[in-house]
Every structure is written in structure tokens, then in C-alpha cells.
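Please treat every number below as a calculation from the coordinates, not as lab data. Given the structure is predicted, the values throughout are model-derived calculations rather than measurements. Backbone-built Cβ (ideal geometry, glycine too); neighbour counts: all protein chains shown.
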Amino acid sequence: MTANQLSQPEPARRRLIAFFLGGGLLASFASFLYPVLRYLVPPAVADLGGDEVVAAKVSELKPNSGMIFRFGSRPGLLIMTSDDTYRALSATCTHLGCTVQYRSDLHEIWCPCHNGIYDLNGRNISGPPPRPLDVFDVHLRGDEIVVSRKREA
Amino acid sequence: MTLFAAIRRWLDERFDWDDLLAPLRHKTVPTHRLSYWYFLGGITLFLFVIQVLTGILLLLYYRPGANEAFESVQYIMTRVRFGWLIRSIHSWSANLMIFTAFAHMFSVLFLKAYRKPRELTWVSGVLLLFLVMGFGFSGYLLPWNTLAFFATTVGTAITGQVPIVGRPLMIFLRGGPQVTGATLTRFFGFHVAVLPGIATVLILLHLLLVQRPGMSIPPKLEVQWTANPSARREMKFFPNFMLRELMAWYAALGVLGVLAALFPWNLGVKADPFASAPAGIKPEWYFLFMFQTLKLIPSKVWFIDGEVLGVLGFGLVGLLWLLLPFFESDQPAHMKRWITGLAVFALAYVAGMTVYGYLAK
């Protein structure tokens, strides 16, 4: 056996050892990285809002006006139309998530961020919004205006 | 022997100090008609240092968190002596730094300083520009006012438009499905720890890459100087150029002081996640050209969402921009005309769209 052979073990065996060492090292890195990646993703928070909320008192809203109310962790828009009916919709613009408002001059719902417009049924009628706003049910309980999610039929 | 010389000898005996400083002594700066453009990178660096220093000062009083952030900035502005000045300088310096970074980039582009062997200098510089915009975006939220709240809502929602990775990325940025106090905490971490760390490494790399091949000369001048070496004009970097640069820095500090004193930065109204977005809301000027472009794209192009198309388009342009030097020839005679044309177009587009976005309702 020459000196050269001594310093050069069989290539196949060397490759096998390198494979296991390298693989083990990579696997250990993956095990370090995994908790970090999971840590970066925020835990889901339960939406404690429920399916029903008292949006306002009857006295708080005049005809042809709107107000923002809390529906769980998201804003909702309550509108009293000119003909004294109530409408409740999600206030989160379906475009890029700004909070919309009722425009008493247009009798429409307007998002100022990119000029998106919805009608009073939440349909996206102008501008960039890709989808209509979610519509909620409204009913009166004494002097309270109660908004609830639409029951799936 | 003076004290200064004694210290210097002490260092020299131990670390071969003179040898270490030799490159700085031998460094030269070409002097020609367009030499003034060499100052812009240095001014950007100076403004970055101002940002670090005023940022550290703001950290002494700022408190992240949806219930405290606005109040703590208000406290800095109204109660802390010279707090208004420190915060205004931080805001003005941020805006000026983004402006000088853009100006520096376009000067490099028009003088063709990105060509071989300086490709990586350009790449590191463009990455720094992206980083600076990240600083602007994350820092803008920290006072937790209404404009910042909706700017962050829209900005992160745009991230969410990217196919496949968009939504997880948006959740990661926001710390949840919506912009809340959790978003503020994250942005604070990005703004004061993550981004400064990356920026420091990138700036050092950028400076090192500038030193190796020395200052670039415009191609036409390079041809003339190579043909006639006696026409070559240059000055020593240290002290000649450095002293001029210091004057520019001093002037920049003066401009900052004047702007901060005469036009102190507004704090605005505290963010309320349950209030409508205010009318006439717009992003900061350095995002306006992208904002305005997105506004002009129809909501559906063929079967693709307009926003998705816009986001992917800007991503692709950004990537090509990063790799621009690799399309250029290193021979002055074969410089690509279209790159100059592209540079003119890019400048006109960014400037035009910014003005349009500013004026548009």
C-alpha cells in the first residue's frame, strides 16, 4: 500500500460518509429553523365578536347618514337611508382593506383610498373593488339596532 | 512629540496603522465637469448616520404599542425639550435620504458608472434603495396615526396580492389578518433592529466595492483620457475631496435644521381601526409613482386581477433593474443606447407619475 492510497480512502465510502454527515447536518439545521419559522406566524386569535352585535341606539343615527360600528374585530358600516330603512355591511373595502364610509351626497358607499364605490346593497359599482361588501341583517330590539350575520340558507 | 503623534506611533507599532491607512492616502477622485455627482452617495451616507443618531434619541422616549405609541410621540413633540426638533429632523432626513438615494442612483445610471467592473456595486446599491424604502414604510407606521394606519393597511394588502406567497407574507407582516397593535410591534422590530442590521452590512459592502476599482469616469472622458493620459485630472481623496464632502454634509445639516424648524413634521390624528379612512388619503411621495400606476390599471386585465398584474409587474421591473449592469457592454464604443433611453424614460416616468399622483384627486 503506497502513501497515496493511505491518504485517499475509497471514494465510494468517503461519499457515503459525507452524505450521512451532510444530511445529518442539514437535518439538524432544519430542526433549528422549523421552530423559528413557526414562531414568525402569529397565533390565530379567536374572533370573540359572535354573530350578533348592538351597533347603535336608534337615536344615534339620522336619515341619510352612516356610522362605523365594531363587529367583532372588524369594522362594520351602519346606514340609515333617506327612506328610514337600516342597512348594515362590512366596512372593509374588498379592494385593499381600507375602511369605507357612507356618502350622503351620493347616497353611495365610498372608499377614499382608491375611489371605490358601492351601492347601498354593497355591490361594487365603480372603481377598483373586485367584490361586493358583505351584507348583514339588521333588526330593531327596543331602541337598539342589532346587526347579525346573515344566516346561511 | 505631540500627544496625537504619540498615539499614532503606539498604534502603528502594534497594528501597522500607516499601512492600513495607505489605500485612503492613495485614493484619488477624478476631477471633471460632472465631478459634483460624486458627492451624492456621501450625502446619502451622512443622512443615514443622522437617521441612526436621531433614531437612537427617539428610542429613549418612544414606546411601541397601539395604546402608547401615538401618546409617546406626542410626548416627544410637546414635553421633551427639543423633542419636536429631533423627531422633525428624523422625518425630514428620512425623506431627504430617499431623495438623495434616488438622485445618486440616477446619476450612476446616466454616467454609466454601473458598467464592468462595478456591477456588484450597483446591485448592492439597488438593494440598499429597496431597504431604504422598507425603512420608510416601517417607520411611517410607528407614530400610529390615521394616515399611517391606512397606508400600512393598503401597503400590506398589496403584498397580499402576490400569488401563492402573498397571503402568508401579509399575515407575517401584519402579525395577524388585520393591521393591529401586533403590526406596530413587528414594524418597530423591523425598523430599529432587522433593517439597520442588514443596512449596516450592505453599506460596508457597498463602500468596500467602491474602493476596489476606484471612482468611475464617464465613458467619453475615459476614451479621451486613455488616448491622452496627460489630460487626466484628479484630486486626492484625503484631504481634498473629504473636505469638500464635509462642506456638503455641513450644508445638508443646515438644510435639515431649517426644514425641521420651519416645517416641523405633523403628528396627525391617532389611528382608530374603527373609523373610516379619511378623504384624500395618499402614501408618502416615494411610493406615489407605484400607487398612481396601480390606480390606473383596470380592476381586470383579461382574466388577471389588475392589482396582481401591477404587483407582479413592479416585481419584475425591480428584478431587471437590479440586474441592469449585466446587460451593458464594458466597451465605451459599444455602450447600449437603449439603457440610456430606459434611464431617461424611468426618470421621466417616476417624476411624472409622482407629480400626477400628487395632483390627482
Exactly one of B:H90, B:H104 is under 21 Å from B:F149 (Cβ atoms) and out of contact with any strand residue (DSSP E or B) (no Cβ under 8 Å at 6 or more places or on another chain), and that one is B:H90
Quick count over the stretch A:124-138, residues being small (G, A, S) and part of a strand (DSSP E or B), is 1
In the stretch B:108-122, anything in a helix (DSSP H, G or I) and within 12 Å of B:F327 (Cβ to Cβ) is listed as B:E119, B:W122
Regarding the stretch B:194-207, can at least one residue be identified that is small (G, A, S), within 14 Å of chain A (Cβ to nearest Cβ) and under 30 Å from B:F150 (Cβ atoms)?
no
Flagged in the stretch B:270-295 as within 10 Å of chain A (Cβ to nearest Cβ) and either small (G, A, S) or free of Cβ contacts under 8 Å to residues at least 60 places away in the same chain (or both), in numbering order, are B:F274, B:A275, B:S276, B:A277, B:A279, B:G280
Here the residues within the stretch A:94-153 that are within 25 Å of B:Q161 (Cα to Cα), of a type in the set (S, T, N, Q) and surrounded by fewer than 17 Cβ atoms within 10 Å (Cβ to Cβ) are A:N115, A:S126
For the stretch A:42-62, state whether one or more residues are more than 14 Å from chain B (Cβ to nearest Cβ), without any contact (Cβ under 8 Å) to a residue 24 or more places away in the chain and hydrophobic (A, V, I, L, M, F, W, C).
-> no
The condition of being over 16 Å from the mean Cα position of the chain (by Cα), without any contact (Cβ under 8 Å) to a residue 60 or more places away in the chain and crowded, with 17+ Cβ neighbours inside 10 Å holds, among B:L20, B:L58, only for B:L58
Checklist entry - Hey, does the stretch B:324-347 have a residue that's within 30 Å of A:Y102 (Cβ to Cβ) and away from chain A (no Cβ under 14 Å)? => result no
The helices (runs of 4 or more DSSP H) lying wholly within the stretch B:242-361 that contain at least 2 residues that are polar (S, T, N, Q) and surrounded by 15 or more Cβ atoms within 10 Å (Cβ to Cβ) are B:285-296
Within the stretch A:61-88, restricting to residues that are within 26 Å of the chain's Cα centre (by Cα) and among the hydroxyl-bearing types (S, T, Y), the one that is surrounded by the most Cβ atoms within 10 Å (Cβ to Cβ) is A:Y86
Filter the stretch B:25-51 for residues that are loosely packed, with under 15 Cβ neighbours inside 10 Å and in contact (Cβ under 8 Å) with a residue 12 or more places away in the chain; the one that is farthest from B:L111 (Cα to Cα) is B:R25
### Task
Determine whether the stretch B:61-73 contains at least one residue that is surrounded by fewer than 15 Cβ atoms within 10 Å (Cβ to Cβ), over 26 Å from B:L204 (Cβ atoms), under 29 Å from the mean Cα position of the chain (by Cα) and among the β-branched types (V, I, T).
no
